[in-house]
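Trainee: Mind looking over this structure? Questions follow.
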Amino acid sequence: MKKDKKKKKIILILFLVLLLIFILGNATIFFFFPDILTGNTIKTISASNSVYLYPSEIKVDKDKNFVINVEINSSEEINKVQFELDYSNIINAVKVEQGDFFQQAFPVTSINKGRIVLISAGASGRGEGSLFRITFNSISSGTTNLEIKNFKAYIQDKEVALDVINGKVTVN
């Protein structure tokens, strides 16, 4: 009889330990990836020396505004960037704002149907930050790639090589 009680007690303790491990493991995942519960955004962790879109993938309902940030992570000093951002006609760019990467920036942007031309120069920066914050409006259902094309980064007149990580928008 004592053996059975002892066995039950050990089994109960093992069960509680496993339950605690499961709860702490899931809590850790949700702490580091809070957007995992919403289903709306999936964050791609940026690679070193890259320019990327955040969120990298977004799902949005039709006729809604949403924001995509053009982010940069550079171990080298940079004082100018220029590139185009291409997308299909299921979304429309509404507004482009300067990010926080460059201090005293001088942005130049041009919004055309399906393409935004972006140029920014300022006091040199290094590390991680936002180059631009772009507000879009979803027009019709479908999926479009957000493609960064002809990206160039400079320090003075010397080009700095960065990887480009594109994104995707799905309109429901």
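Trainee: Answer yes or no as to whether I91 is under 19 Å from the mean Cα position of the chain (by Cα), aliphatic (A, V, I, L, M) and over 21 Å from I119 (Cα atoms).
Mentor: The answer is yes for I91.
Trainee: Restricting to segment 83-107, count the residues that are assigned to a strand (DSSP E or B) and either closer than 30 Å to S140 by Cβ or touching a Leu at 6+ places or on another chain (Cβ under 7 Å) (or both).
Mentor: 12
Trainee: Considering only residues that are aliphatic (A, V, I, L, M) and within 16 Å of N73 (Cα to Cα), which ones fall in segment 124-172? Walk me through it before giving the result.
Mentor: At the first step, the residues of segment 124-172 found to be aliphatic (A, V, I, L, M) are 131, 134, 139, 146, 148, 153, 155, 160-162, 164-165, 169, 171.
Result: L131, I148, A153, I155, V160, A161, L162, V164, I165.
Trainee: Pick out the one residue from L37, L16, L53 that is at pLDDT 70 or above, of a type outside the set (D, E) and surrounded by fewer than 15 Cβ atoms within 10 Å (Cβ to Cβ).
Mentor: Testing whether each residue is at pLDDT 70 or above, of a type outside the set (D, E) and surrounded by fewer than 15 Cβ atoms within 10 Å (Cβ to Cβ) leaves just L16.
Trainee: Mind checking which pairs have a first residue in segment 108-123 that is within 15 Å of V70 (Cα to Cα) and a second that is small (G, A, S) and in a loop (DSSP other than H, G, I, E, B), Cβ under 6 Å, 6 or more apart or different chains?
Mentor: S120/A105
The values are calculated or read from the model by the stated rules, or taken from the named source; none is laboratory data. Not measured: the values here are computed from a predicted model. For neighbour counting, all protein chains shown are included, and Cβ atoms are generated from backbone atoms with ideal geometry for every residue, glycine included.
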